[in-house]
Amino acid sequence: IDQRRIERKSREIEPYEIEPNIPSIVVVARLTKAKALDRLIEVHKRLINNRIMHNIYIIGDGEERKNLEEKIKEYGIKKSFILLGKKENPYPYILNALANLVVDKHEHESKNTKCQFPEISLGYILFH
């Protein structure tokens, strides 16, 4: 991993979608069943119901997008669980977030452990 390149790219643009006064979590992932983002929506809704205010931003696209959009609408969390779509440069979003989540049913290890951005693996929380 080229740490300097990532740091340089993280400052290239200002991610205007991220609200600065609300804790934000970013997930960069393909929108597939294996990523279990439907479960993340459920966890997010429970946290919001418990007055733990935060936003989750998903960067990526895939075959599950429509299903996720429907669940987000059903749960009434469109303003706090945001599907941003594919971004050529996700690093500014990661830099401006409280944490970068790694969500996968099969991989619970971070692949960029030397990166300065905080990461949390939800594999244990969601699947154990």
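Coordinate-derived values only; no laboratory data. All of these numbers come straight from a predicted model, not from anything done at the bench. Neighbour counts run over all protein chains shown; Cβ positions are idealised from the backbone, glycine included.
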Qualifying helices (runs of 4 or more DSSP H) (wholly inside segment 1-106; at least 1 residues being crowded, with 17+ Cβ neighbours inside 10 Å and within 14 Å of the chain's Cα centre (by Cα)): 37-49, 65-75, 91-95
Meets criteria (charged (D, E, K, R), out of contact with any strand residue (DSSP E or B) (no Cβ under 6 Å at 6 or more places or on another chain) and over 30 Å from residue 8 (Cα atoms)) for residue 64: yes
Neighbours by Cβ (under 9 Å, 6+ apart or cross-chain): first from segment 75-89, more than 12 Å from residue 29 (Cβ to Cβ); second among the acidic types (Asp, Glu) and loosely packed, with under 11 Cβ neighbours inside 10 Å: 89/12
